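J.: Below is a structure I'd like to ask you about.
The values are calculated or read from the model by the stated rules, or taken from the named source; none is laboratory data. For clarity, every value in this text was computed on a predicted model and none was experimentally measured. Ideal geometry is used to build each Cβ from the backbone, glycine not excepted, and the neighbour counts take in all protein chains shown.
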Amino acid sequence: MFYLWRRSQVPLKQSIKFSRIDNLIIFLVCILISIISSFKLLLISPLNVADIFSWLLTFTEILIGSGILILVSKKENPTISSRQIFLIITLLLAVQAAKLALASTISPLSIIIPPALIISQGMGSITALAWVSIASFSWPDPEIIVDNNLFFILLVCASVVSLLGGRIRNRAQLLQLSIFVPIGAFLSQWILIGKDKISLIDKQEFVLAGGNIFSDSFLLAIVMLFTILFIPIFESIFGLLTKARLLELADKEKPLIRRLSLEAPGTFEHTLLICGLAEEATRMIGGDIDLIKTGGLYHDVGKLHAPNWFIENQDGSKNPHDELDDPIKSAEVLQAHVDEGLKFARKNRLPKLIANFIPEHQGTLRMGYFFQKAKEKNLDINENYFRYKGPIPQSKETAILMLADGCEAALRAMNINASDKEALKTISNIIFSRQNDGQLDDSNLSRGEIFLIKRAFLNVWKRIRHRRIQYPTSKNNTFS
Ligand SMILES: [Fe+2]
Ligand SMILES: [Fe+2]
């Protein structure tokens, strides 16, 4: 019964546990946000019970809001780190402080929209929308009442930035966003508030903008441009993985990838092929294509430590494993491609989500060939010597890469005349063996998704087969 109950539940990705100190710091920042957002309510004199009650209500509201924000960000990014949570709440703290200090001089658009862009880029649209809702609804200074129309424009612009920011795939599109959003804000303020309106916030005078809607929107554009300029710094400090950063890392001119293509050409070819397989499968199940493309590119960089110890780089020359004639040592060389890969990842400052592909694509798989050889020599040999150290894939993407890695060699070696049925059978057998070995247990892949992955691999195999078919050529037919 328990087994059936467990199978019926949607498997959840295990979120990263934060240390106690991290939790404490995050909690203290949330308390600080609540204090900053509500302390002005206590400065009224004479203070009566109703005022204290309303302060307590606001304080609790902001504290709960911050908690919900953290939960939403964890739900959207199960592998989010404490540094990233810290960034989200620190931005909220900074915005609340900026509202106290600057709300009378700067339009709320310039205070709230730029941080929303950072969050949507690094943590996704849903987290950014949750952040925007807390940042827009709580105003620490009770004397400041934002014009209703301006508030509406603020919400619309911030939501557009949050939604588009999570999808934008390069810096050029970000630049376009930082131009078009302020233009949109300017036009909508012009239509809704009117070009003659001097003050957009009650009882305030604009020092910077002088109450001018144009300079107000101009300021927003400048702040957004500066934010885009600083996003790479946020990426490296807080380990953010924006779409733009992913695509930059996927550039084949990156030194590490260039080295792979020059020093381990066989591994490089293998990498390109499994990237093709994994990308098609990820598209089928609706996963993160940019993540798998980049992660796939780096999954075997560890083979650079000893390229000729891997079959794909041997090019018919001698196999050093034969000379070594020690299956346990050979297994250590194989494990080293994971350990060295992680070292390369650290040295090249690869984001954690990309580095995860290095150990997880091998999981705790058994090195079957060397295990068999060892068994021939000694029947009592411990299987654990011949298993990778893991961990097993923790995400759908790393699991797909493991499956693509397994199927690549088999598909490449397959006879060109093999039927689709035969290819599908080969793919299914490999996937089934991984599944049976418990390698996909933490990956969150459903049965339906595994079915789709098989179909995707088959489609790529058909493409490979098509490419390998020799076109008939004749001396007279050279024009095409
Ligand atoms: Fe590998
Ligand atoms: Fe590989």
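J.: Determine whether I328 is modelled with pLDDT under 90 and among the β-branched types (V, I, T).
T.: Values: modelled with pLDDT under 90: yes; among the β-branched types (V, I, T): yes.
So I328 fits the description; yes.
J.: Sticking with this structure for a sec: Given the residues L401, L411, L424, which is the only one that is of a type in the set (A, V, I, L, M, F, W, C), buried (at least 24 other Cβ atoms within 10 Å of the Cβ) and not in a loop (DSSP other than H, G, I, E, B)?
T.: None of the others qualify; the one that does is L401.
J.: Quick one: which helices (runs of 4 or more DSSP H) sit completely within segment 234-333 and have at least 1 residues that are within 14 Å of ligand 1 (Cβ to nearest atom)? Before the answer, list the steps.
T.: Values: elements: 243-249, 255-263, 265-285, 289-298, 320-324.
Output list reads 255-263, 265-285, 289-298.
J.: Filtering segment 82-141 down to residues that are assigned to a loop (DSSP other than H, G, I, E, B) and of a type in the set (G, A, S), which residue is farthest from the chain's Cα centre (by Cα)?
T.: S104
J.: Could you list, in sequence order, all residues of segment 24-59 that are closer than 16 Å to L92 by Cβ and hydroxyl-bearing (S, T, Y)?
T.: S34, S37, S38, T58 - these are the residues of segment 24-59 that are closer than 16 Å to L92 by Cβ and hydroxyl-bearing (S, T, Y).
J.: Does N417 satisfy the criteria of being part of a loop (DSSP other than H, G, I, E, B) and surrounded by fewer than 21 Cβ atoms within 10 Å (Cβ to Cβ)? So that I can check it myself, show each step before the final result.
T.: Values: part of a loop (DSSP other than H, G, I, E, B): yes; surrounded by fewer than 21 Cβ atoms within 10 Å (Cβ to Cβ): yes.
Spelling it out, N417 is indeed part of a loop (DSSP other than H, G, I, E, B) and surrounded by fewer than 21 Cβ atoms within 10 Å (Cβ to Cβ).
J.: Within segment 351-384, take every residue that is crowded, with 16+ Cβ neighbours inside 10 Å, more than 16 Å from ligand 2 (Cβ to nearest atom) and of a type outside the set (D, E, K, R) and give me the one that is farthest from Y298 (Cα to Cα).
T.: I381
J.: Quickly run through segment 352-369 and pick out the residues that are more than 13 Å from ligand 1 (Cβ to nearest atom) and among the aromatic types (F, W, Y).
T.: Residue satisfying the conditions is Y369 alone.
J.: Let me ask something additional. For segment 222-237: of the residues being in contact (Cβ under 8 Å) with a residue 40 or more places away in the chain and closer than 18 Å to L291 by Cα, which is farthest from the chain's Cα centre (by Cα)?
T.: Filtering first and then ranking leaves S236.
J.: Quick one: in segment 391-416, of everything that is under 21 Å from the mean Cα position of the chain (by Cα) and either small (G, A, S) or outside the structural domain of R434 (by TED's automatic domain parsing) (or both), which residue is farthest from ligand 1 (Cβ to nearest atom)?
T.: Ranking the candidates gives S395 first.
J.: Taking segment 334-351 as the search range and keeping residues that are within 16 Å of ligand 1 (Cβ to nearest atom) and in contact (Cβ under 8 Å) with a residue 60 or more places away in the chain, which one is nearest to the chain's Cα centre (by Cα)?
T.: Step by step, filter segment 334-351, then rank; the result is L350.
J.: Evaluate segment 395-412: report whether one residue or more is free of Cβ contacts under 8 Å to residues at least 60 places away in the same chain and more than 16 Å from ligand 2 (Cβ to nearest atom).
T.: no
J.: Next up: Run down F18, F39, F86 and say which single residue is at pLDDT 90 or above, among the aromatic types (F, W, Y) and farther than 26 Å from N149 by Cβ.
T.: Only one candidate passes the filter, namely F86.
J.: Let me ask you something else. Sort out which residues of segment 291-312 are out of contact with any Ser or Thr (no Cβ under 8 Å at 6 or more places or on another chain), away from ligand 2 (no atom under 11 Å from the Cβ) and among the small types (G, A, S), and write them in order of number.
T.: Matches in segment 291-312: A306 only.
J.: Further question on the same structure: Anything in segment 94-133 that is crowded, with 20+ Cβ neighbours inside 10 Å, modelled with pLDDT of 90 or more and over 23 Å from Q176 (Cβ atoms)? List them, or say none.
T.: Scanning segment 94-133 gives V95, Q96, A130.
J.: Those residues that are crowded, with 24+ Cβ neighbours inside 10 Å and more than 13 Å from ligand 2 (Cβ to nearest atom), I need them from segment 257-290; list them, please.
T.: Hits for segment 257-290 are A281, T282.
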